[in-house]
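Every number here is computed from the coordinates shown, using simple stated rules; none is lab data. Everything numeric in this text was worked out from a predicted model, so none of it was measured. In this analysis, Cβ positions are derived from the backbone assuming ideal geometry, glycine residues included, and neighbour counts consider all displayed protein chains.
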Amino acid sequence: MPVSDALKLLLTERQAAEKLPASYVEQVETYLLPIAAHIATHHERAKKALFWGVSGSQGSGKSTLVHFLAHILRHHYRLSVAVLSLDDFYCDQAERGQLADACHPLFRTRGVPGTHRVALAMDTFDRLARGEATPLPRFDKATDNPFPESAWPQSPSDCDIVLFEGWCVGAVPQAETQLDQPLNLLEAEEDPDGRWRREVNRQLQQDYAAWWQRLDGLLLLLAPSFEQVHEWRRLQEHKLRQRFEDAGQMVPAGVMDDSQISRFIQHYERLTRWILQVLPNQADIVLNLQPDHRWNRLILQPREAHQND
């Protein structure tokens with residue numbers, strides 16, 4: 001789409017505010033503006049609130065993309081937009097502890113299907129679909145618990161677009177036979193009988209399938225490989241550690257070293273690899289990522305939108 005001077009200025013101001021390289025604006029113009037135009041056109045035809053999922057692995061830049069996409073939709077298309085993350089619906093420590101005691105110890109670690117408040121998510125989606133001004137849940141990773149409800153922002157009423165991002169949004173279950181053999185050291189040593197991974201898969205078959213069904217469209221940020229995702233996560237943690245060291249501050253205990261990162265990301269490995277394999281054929285929009293995080297290919301493959309009953 002043609003880029004007006006006003007839109008160019010808007011994007012440049014956002015790029016500067018977010019401390020991103022100037023080349024990011026060019027990327028937004030080439031790849032993100034067509035996506036925004038597609039979503040805006042879809043909304044004009046639908047005449048209702050639309051829920052768009054944005055799926056991408058850890059470190060793929062989902063949050064930054066959604067931030068810019070929401071900004072374009074609000075200020076260029078004059079649409080009312082609410083932004084939610086899968087992370088916003090994490091269970092608190094106590095809830096995950098109960099799940100760990102009842103089902104499997106690996107559920108103490110947040111992230112995989114089964115560690116989210118799906119009922120809260122469905123209620124939030126319902127209220128947004130009805131056009132209500134809705135409290136938007138927020139999770140505090142520093143305390144590993146949700147922020148108090150008094151701190152949750154509120155969506156505008158009669159919201160046009162809801163952007164919902166998360167690392168496994170849209171993921172489909174695997175066949176039972178695919179779960180027989182451990183995929184990595186974590187599964188081999190801590191889930192040898194497959195109880196944890198089978199429960200994660202069951203969650204995808206049931207509660208999460210109903211959740212994803214609420215989406216009208218899905219955008220996939222496609223990483224080159226799981227190995228690249230691992231490297232992105234490692235570099236992300238290194239930068240965080242360096243930030244504290246440069247400021248002469250003590251590095252918090254929660255900042256992981258390479259061995260801790262390796263174990264942590266193994267919780268996500270099975271589903272991340274599966275998403276990279278199957279979701280490109282199911283998403284409405286696929287945006288390919290290079291190892292340096294630059295986007296290099298946009299595939300628009302719109303299909304019949306999911307129906308919100």
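Helix-only arithmetic for the chain: the sum of -39500 (n - 2.57) across DSSP H runs with n ≥ 4, divided by the residue total, places the mean residue ellipticity at 222 nm at -13500 deg cm²/dmol. Each Cα pair under 8 Å and six or more residues apart adds its separation to the average, and for the chain the resulting relative contact order is 22 percent. Just add up the charged neighbours of residue 195: K/R +1, D/E -1, any other residue whose Cβ is under 15 Å from the Cβ of residue 195. Within the 15 Å Cβ shell, the charges total -4.
For the chain, the normalised intensity computed at q = 0.12, 0.15 Å⁻¹ comes to -0.86, -1.37 (log10 of I(q)/I(0), Debye sum over alpha carbons, equal scatterers, no solvent). For residue 239, the aspartates and glutamates whose Cα comes closer than 17 Å to its Cα, not counting residues fewer than 8 places off in the same chain, are 18, 231, 257, 258, 292. Which aspartates and glutamates does residue 47 reach when only Cα atoms under 20 Å apart count, and residues fewer than 8 places away in its own chain are ignored? Filter leaves 126, 132, 158, 160, 216, 284, 304, 309.
Working ranking of peptides 80-90, 191-201 by packing, defined as the average number of other Cβ atoms within 10 Å per residue, highest first, is 80-90, 191-201. A cut-off of 5 Å between modelled amide H atoms, ignoring neighbours fewer than 5 places along the same chain, links residue 134 with 155.
Within region 146-237, the proportion of Cα pairs with more than 19 Å between them is 64 percent.
As a proxy for reagent exposure, ranking 275, 261, 299 by other Cβ atoms within 10 Å from fewest up yields 299, 261, 275.
Panel order for 91, 103, by other beta carbons found within 10 Å of each beta carbon, from fewest to most: 103, 91.
Note on residue 249 and residue 127: the extension gain reaches 39.6 nm, defined as 0.36 nm multiplied by sequence separation minus the Cα-Cα distance.
Packing around the peptides 241-251, 8-18, taken as the average count of other Cβ atoms within 10 Å per residue, puts them in this order, highest first: 8-18, 241-251. Take 110-116, 162-168 and order them by the average number of nearby Cβ atoms within 10 Å per residue, most first; the result is 162-168, 110-116.
Look at 33, 69 and count the other Cβ atoms within 10 Å of each Cβ; fewest to most, that gives 33, 69.
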